[in-house]
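Have a look at the structure below, then the notes.
The values are calculated or read from the model by the stated rules, or taken from the named source; none is laboratory data. Everything quoted here is computed from the prediction, not taken from an experiment. Note: ideal-geometry Cβ built from the backbone for every residue, glycine included; neighbour counts use all protein chains shown.
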Amino acid sequence: MRIEELERFFDDVKYVHLLRDENQFADALSKLAALINIPEHMDSMPICVERRSAPSYVNAIDNPEDSETDLWYTAIFKHKETGEYPSDLDTRGKRALRMLVAQFIRTDDGQLYKKIVQRVLLRCIDKSTSEKVMEEVLTENVGHT
């Protein structure tokens, strides 16, 4: 195994089992490493880690829904259903989409949900539906104060 080959370069190696919830950072780094090609001549590649107040995907989307026909999850839904990729994706983009799609499920009634670690399904909705939901939540909360 590769890990056994690497052990000889260290004075001491300790293996510790971590629960999935405690291993999210390492999991994210392994996914990042699978998405990029590091040139062989590079001994190291610095990574900057920032703590954000909003999920990172929020910062990556300029105008997620300029038109209601092109939803933020269209590529995920289409790949989940037909296995097709958007025409503008290169090999790395296709790999990233496959990894992303694995986090979603489609129900028999055609709804798309994101799976999260806590075994909760988050329903994927468009902008207008999210605005209606937020309005309902705000209206309900105002009524209970």
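Here are a few things to note about the model shown:
- Inter-residue pairs, beta-carbon under 7 Å, first of a type in the set (Ser, Thr, Tyr) and in the stretch 84-98, second at pLDDT 85 or above, 6+ apart: 85/79; 85/94; 85/97
- Listed by first and then second residue, the pairs linking a residue in the stretch 105-127 that is touching a residue at least 40 places away in the same chain (Cβ under 8 Å) to a residue that is assigned to a loop (DSSP other than H, G, I, E, B) and exposed (fewer than 12 other Cβ atoms within 10 Å of the Cβ), with Cβ atoms under 6 Å apart and 6 or more places separating them unless they lie on different chains, form an empty list.
- Residue within the stretch 71-94 that is more than 30 Å from residue 25 (Cβ to Cβ), in contact with a Phe, Trp or Tyr (Cβ under 8 Å, 6 or more places away or on another chain) and modelled with pLDDT of 85 or more present: no
- Of the strands (runs of 3 or more DSSP E) lying entirely inside the stretch 82-145, those containing at least 1 residues that are loosely packed, with under 10 Cβ neighbours inside 10 Å and hydrophobic (A, V, I, L, M, F, W, C) are 120-123.
- Checking each residue in the stretch 16-42 for being surrounded by fewer than 10 Cβ atoms within 10 Å (Cβ to Cβ) and β-branched (Val, Ile, Thr) picks out 16, 36.
- Some residue of the stretch 48-69 being out of contact with any Leu (no Cβ under 7 Å at 6 or more places or on another chain), more than 21 Å from residue 33 (Cα to Cα) and at pLDDT 85 or above: no
- The C-beta contact set for the stretch 5-17 (first residue under 23 Å from residue 27 (Cα atoms) and modelled with pLDDT of 85 or more, second residue aliphatic (A, V, I, L, M) and assigned to a loop (DSSP other than H, G, I, E, B), distance under 7 angstrom, 6+ apart or interchain) comprises 7/13.
- Of the numbered criteria (1) outside any helix (DSSP H, G or I); (2) over 21 Å from residue 24 (Cα atoms); (3) at pLDDT 85 or above; (4) not acidic (Asp, Glu), the one residue 37 fails is (3).
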